[in-house]
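Notes follow the structure.
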Amino acid sequence: MAVLDEDELITALEKSLSTLAEEHAEAAEDWMPHAWVPWSKGRNFRFLGGADWDPSEAGLSETANAALLALLLTKDNLPSQHRILALHFPAFSDWRQLIGVWTAEDNRHAIVLRDYLVVTRCQDPVDAENRRRIHVVAGWKQTPEASDAVGPMDALALLAVHENQCVQFIGRLKEYVEDPVLIQILDKIQTDDNVQASTFQAFLMAGMVADQEATVLAVDKALREIEHIGSDIADYDTQREYFSDFEDVSTDSAIARKIADELKLESVQELSEEAEAARRRILALAEGQV
């Protein structure tokens, strides 16, 4: 059983807010999406007297194309992630440093990626926009059952895992990209995601102090329910095949190991039977045992 109820847990976590917000601000990079887009390569589409996209203009390999769109659509789903956080950590409170700053930082990822793709015409912009609308409408954990199953510590653990996934996924994606401009853009996003992962992990560490039972259970749940990037995109089976090796048990294991080390789970004691079983599952995954 958790030691604290949800309201008590949120109040306990608030003690770390100012410190973690300052640490995040010091680590975060300040950059502008528009500055990294090669605007000189752009031209009008047919509606403004130019020409619409043609498949001959595709400038990425099939692997890079499929993975980049999967990353973009994942970033497009930011509103759903924002809503899940805001359910427990209201943006109109001291939590806006977590909710608002993270949302603003992550939003620029979709902005710069879409601007790059449209300007360079390396992807079909109509297909990308149609997929964006379908994906955002479907959302992430936007049914009552799904959102009700996410508690405050669950939300922090899910996003700690997700940001680590993005860091790893982008690292693989860059291996298939030749344009140095796009690599620079991906570097910027990857750096942001790494800082954000560290911030969410820091809140998990604060959670270990406030309620180690709830924190261990939340981390275990997030790792058991991990969704590989692109797995929730409708009608994307063929494209997913191109980057199916970007994430697997080994990458899940690496994330588990990173979080387990951060939280010092090897030495955690005095857990309930349920939480101890969860701790052992995390450590087993961290060792590559499935």
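The values are calculated or read from the model by the stated rules, or taken from the named source; none is laboratory data. Source: prediction; values computed, not measured. As a convention, Cβ positions derive from the backbone with ideal geometry for all residues, glycine included, and neighbour counts pool all protein chains shown. The protein model used for the area step is the full one, side chains on, heavy atoms only, and it has no ligands, DNA or RNA in it. Shrake-Rupley method; radii C 1.70, N 1.55, O 1.52, S 1.80 Å.
Dividing the mean sequence gap of close Cα pairs (under 8 Å, 6+ apart) by how many residues the chain holds gives a relative contact order of 26 percent.
With R₀ set to 22 Å, the beta-carbon distance separating residue 187 from residue 23 gives a calculated FRET efficiency near 0.50. A Gaussian network model of the chain, with springs between Cα atoms under 10 Å, assigns the largest mean-square fluctuation among 120, 11, 63 to 11.
In terms of its C-alpha gyration tensor, the stretch 1-140 has a prolate overall shape, because the principal axis ratio a/c (a ≥ b ≥ c, square roots of the eigenvalues) is not below 1.5 and a/b outweighs b/c.
Projected onto their three principal axes, the Cα atoms of the stretch 22-80 cover extents of 48, 26, 24 Å, largest first. The stretch between residue 87 and residue 172 holds 27.3 nm of extra length on full extension. This uses 0.36 nm per residue minus the Cα-Cα distance. Taking a sphere under 14 Å around the Cβ of residue 128 and counting the other residues whose Cβ falls inside, with K and R at +1 and D and E at -1, yields a net charge of -2. Label separation (residue 138 vs residue 238): 1.7 nm, computed from points 7 Å beyond Cα along the C-beta direction.
Summing +1 for each Lys or Arg and -1 for each Asp or Glu among the other residues whose beta-carbon sits under 15 angstrom from that of residue 103 gives -2. Let me see the pair-distance distribution of the chain: every alpha carbon pair, 5 Å bin width, integer percents in order. Each 5 Å bin holds this share of Cα pairs: 1, 5, 12, 15, 17, 16, 13, 9, 6, 3, 2, 1, 0, 0.
Treating only the Cα positions of the stretch 73-153 as identical point scatterers, give the base-10 log of I(q)/I(0) from the Debye formula at each q in 0.14 Å⁻¹. So the normalised log intensities are -0.56. Restricting the stretch 1-56 to GluC sites (Glu not before Pro) that sit in a DSSP loop and have at most 13 other Cβ atoms within 10 Å of their own Cβ leaves 29. For the stretch 121-153, list residues with backbone N below 17 Å from a point placed 7 Å from the Cα of residue 47 toward its Cβ? Flagged as within label range: 121, 124-134.
Panel values: the stretch 73-218, Kirkwood radius from alpha carbon pairs, Stokes-Einstein at 20 °C and 1.002 mPa s, translational diffusion coefficient 130 µm²/s.
Seen from residue 138, the other residues with C-beta closer than 14 Å to its C-beta sum to a net charge of +1, counting Lys and Arg as +1 and Asp and Glu as -1.
In this simple spin-label approximation, residue 147 and residue 11 carry label points 7 Å from Cα along the Cα→Cβ vector, and these lie 2.6 nm apart.
From the alpha carbon centroid of the stretch 233-259 to that of the stretch 77-118 is 23 Å.
Rounded to the nearest percent, how much of the accessible area of the stretch 1-84 (1.4 Å probe, protein heavy atoms only) is carbon and sulfur? Carbon and sulfur: 54 percent of the exposed surface of the stretch 1-84.
Solvent-accessible surface of the stretch 108-164, averaged per residue with a 1.4 angstrom probe and all protein chains in place: 38 square angstrom. So which of 141/188; 188/258; 141/221 end up more than 18 Å apart by C-alpha? Over 18 Å apart, Cα to Cα: 141/188; 188/258.
Calculated [222 nm] ellipticity per residue, helices only, for the chain: -22000 deg cm²/dmol; basis is -39500 (n - 2.57) per DSSP H run with n ≥ 4, divided by all residues, nearest 500.
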